[in-house]
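Enquirer: Have a look at the structure that comes next, please.
The values are calculated or read from the model by the stated rules, or taken from the named source; none is laboratory data. What you are looking at is a predicted structure, and each value in this text was computed from that prediction instead of being measured. Cβ sites come from the backbone with ideal geometry, for glycine too, and all protein chains shown count toward neighbours.
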């Protein structure tokens, strides 16, 4: 008996814009949820390129690819993996200057931005605002913990 092969999970690519102590989040329009800039990689698109595209579309930020820190690919949701990168700009961007150009259309036909406002939040507060799956993933990753420790050490006088 031949069984159909399972489709591989799709890959969402995201960027943690952080200084280790704080994290940039965008508020998902018409939702109570906040999120990191992320989105699905297009067929044939590299993960870093997808993460940079999503960051630019969702915030207007456009760091050089060389500034991204690869945090790897991780199981995220059912049939979806998350490839994470970190970017450590100094200083962190002013949330008031960020603009989301990616949009969605409501059932009523109105076009709205995917993210309608931004905040730089202490890490613990950020984890309380994102979805449970993302908070669980970010809290469990050794790569994120190492990055945060490294940033804390660099901030010490």
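Enquirer: Which is part of a helix (DSSP H, G or I) and in contact with a helix residue (DSSP H, G or I) (Cβ under 7 Å, 6 or more places away or on another chain), of 48, 96?
Expert: Only one candidate passes the filter, namely 48.
Enquirer: Which condition does residue 70 not pass, out of (1) within 14 Å of the chain's Cα centre (by Cα); (2) touching a residue at least 24 places away in the same chain (Cβ under 8 Å), if it passes all the others?
Expert: In the conditions (1) within 14 Å of the chain's Cα centre (by Cα); (2) touching a residue at least 24 places away in the same chain (Cβ under 8 Å), residue 70 misses (2) alone.
Enquirer: Here is a follow-up. Of everything in segment 32-85, what is farther than 23 Å from residue 139 by Cα and at pLDDT below 95? Give them in sequence order.
Expert: Matches in segment 32-85: 41, 42, 43, 44.
Enquirer: Also: Counting only residues that are touching a residue at least 24 places away in the same chain (Cβ under 8 Å) and either in contact with a helix residue (DSSP H, G or I) (Cβ under 9 Å, 6 or more places away or on another chain) or not in a helix (DSSP H, G or I) (or both), how many does segment 139-149 have?
Expert: Here the count works out to 3.
Enquirer: Between residues in segment 1-23 that are at negative phi and surrounded by fewer than 19 Cβ atoms within 10 Å (Cβ to Cβ) and residues that are in a loop (DSSP other than H, G, I, E, B) and at pLDDT 95 or above, which pairs lie under 9 Å by C-beta distance while being six or more apart or on different chains?
Expert: 22/92
Enquirer: If you go through segment 53-64 one residue at a time, do you hit one that is buried (at least 16 other Cβ atoms within 10 Å of the Cβ), farther than 16 Å from residue 24 by Cβ and within 16 Å of the chain's Cα centre (by Cα)?
Expert: Within segment 53-64, one or more residues are buried (at least 16 other Cβ atoms within 10 Å of the Cβ), farther than 16 Å from residue 24 by Cβ and within 16 Å of the chain's Cα centre (by Cα).
Enquirer: Residue by residue through segment 122-138, note down the ones that are farther than 25 Å from residue 90 by Cβ and either part of a helix (DSSP H, G or I) or free of Cβ contacts under 8 Å to residues at least 12 places away in the same chain (or both).
Expert: Hits for segment 122-138 are 128, 132, 133, 135, 136, 137.
Enquirer: Please verify whether residue 119 is modelled with pLDDT of 95 or more and either part of a loop (DSSP other than H, G, I, E, B) or surrounded by fewer than 13 Cβ atoms within 10 Å (Cβ to Cβ) (or both), treating the condition exactly as stated.
Expert: So residue 119 does not fit the description; no.
Enquirer: Does residue 88 fit the bill of being surrounded by 13 or more Cβ atoms within 10 Å (Cβ to Cβ), touching a strand residue (DSSP E or B) at 6+ places or on another chain (Cβ under 8 Å), modelled with pLDDT of 95 or more and more than 24 Å from residue 133 (Cα to Cα)?
Expert: no
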